[in-house]
Each structure stands twice: as C-alpha cells, then as structure tokens.
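The values are calculated or read from the model by the stated rules, or taken from the named source; none is laboratory data. These numbers were taken from a predicted model, which means no experiment stands behind them. Quick reminder, even Gly has a Cβ in these numbers, built from the backbone with ideal geometry, and neighbours come from all protein chains shown.
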Amino acid sequence: MNSSVPILSQDFMARAAKRLLGVPAPQAFDPAFVPPHGDHRLADMLAPMDGRLHRPAAVLIPVIARPDGATLLLTRRAEHLKDHAGQIAFPGGKMDTSDIAPLDTALREAEEEIGLARRFVEPIGYLDPYLSSTGFRIMPVVAMIDPAHHLIIDPSEVDSVFEVPLGFLMDPARHETHEREWRGAMRRYYAMPYGEYYIWGVTAGILRNLYEKVYGA
C-alpha cells in the first residue's frame, strides 16, 4: 500500500522550520482577505462571496517522530456529529474567545478530542489560512509529536485515530483529484485514499498545501 519513500523526522523538521510561517499571516483572519488556498481552489462554485461569513478556526497537523519514518496522525470524526460526520480530519475546531492565538485553539482541541497532552507537542510553524466551503477560515499549525505520547479519545467527537506515513502523504503521485456532484454542479477536490481511509476535501487540501509549502519549488 505504501511504496513512497519514508521521510525522516529530523529532515522534515529542518525543512519545515525554514519554509513554514513563524507566526500566522497578518491578514489570516481579515474578512476582506480571500486566501488562495481553500475548497474554492479546485471548484469555482465554492468561491467565497463574503469573508465575514467564515468563522476563525485552527487545526493541528501532528507529525509523529517515529524512528523509522515520520507519520501523520489523523482522526475519524464521530458519525453522529452535525458537520463532517465520519470524515477524516485533523484535531481542531473553531476558535473560542478564550483562545489568544490559533496555536491555543489547536492545542486545546487536540487535548479535548484525542487527549494529546501539550508536553508532547513541539510546534514548528504555520501554513497559510484555508477557506472551507462549510464557512471556516482555518489556520493549520504544524507540530512534531513525541512518539512517547498517549491518547484518550473523546467518543463524542472522534470514532478513531490512525497514522499515515508522511512519505505517502507528501508524495505528489498520491494527490488525486476526484469529482462528485454538489448542488447541481460537478465539484473537484483533492483526495488521498489510504487503505480503508478516504482522505479528501479540507483535510486533503491542507495536506496538499503542506506539500507545496515544504517540498515545492
């Protein structure tokens, strides 16, 4: 299933530290700013009409420093949730008024959803904001995770967690574009099928952005 070349944790961390943003882009949550990254990138009908309708959110991109090759931790959302039920996602969610910065949101949500303690998380940097068709302006936070971590899943939010080799996800040959009908039109989106897991939509779009930021020309 995975013939992609493994990525060593130290190599990814060194490269990411040079290419990721050290702080969120100044205009990240400016309603007048329309980021180039989002669901609208491959689907014109999803182009945002009013940035004020997009709520600030943040997700954690947790790269686990496995000795034989880095992996990326993903969740399968609970089936009973109102939004994105059963879909593959990063730990994360909308920003609360108590969150000072996107990093606070990402760390808090990771603790609440999967019990990932902050002492195991080493933030590296930020990707550019991503607009979702469901009305969120998402700030992705990339971090290295100590392999000694342990998780406690909250079943009210997450059904399961799993790891995917980072080499698989950062292999552009795995970045497929799929189509499905949505509101009477054909919508295109990124997808990265991995065994029984169908990684697509926002999650796949953010992973594509990670690849372009860290490994692109």
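Counting only strands (runs of 3 or more DSSP E) wholly contained in the range 125-208, the ones carrying 2 or more residues that are modelled with pLDDT of 95 or more, surrounded by fewer than 19 Cβ atoms within 10 Å (Cβ to Cβ) and among the aromatic types (Phe, Trp, Tyr) occupy 197-200.
Just to be sure I understand, how many residues within the range 90-105 are in a loop (DSSP other than H, G, I, E, B) and either basic (Lys, Arg) or touching a Lys or Arg at 6+ places or on another chain (Cβ under 7 Å) (or both)?
The first filter runs over the range 90-105 and keeps only residues in a loop (DSSP other than H, G, I, E, B), leaving 90-91, 95-101.
Within this subset, residues satisfying the condition of being either basic (Lys, Arg) or touching a Lys or Arg at 6+ places or on another chain (Cβ under 7 Å) (or both) are 99.
Final tally of qualifying residues: 1.
Among the conditions (1) under 22 Å from Ala28 (Cβ atoms); (2) without any contact (Cβ under 8 Å) to a residue 24 or more places away in the chain; (3) touching a strand residue (DSSP E or B) at 6+ places or on another chain (Cβ under 9 Å), Val202 misses just one, which is (2). For first residues located in the range 96-121 and over 20 Å from Val158 (Cα atoms), partners that are at pLDDT below 95 and lie 6+ apart or on another chain with Cβ distances below 6 Å form the pairs Pro102/Pro24.
Within the range 20-47, residues that are within 22 Å of Ala204 (Cα to Cα) and modelled with pLDDT under 85 sit with their Cβ atoms under 7 Å from residues that are of a type in the set (S, T, N, Q) and buried (at least 17 other Cβ atoms within 10 Å of the Cβ), at 6+ positions apart or across chains, in these pairs: Leu46/Ser133.
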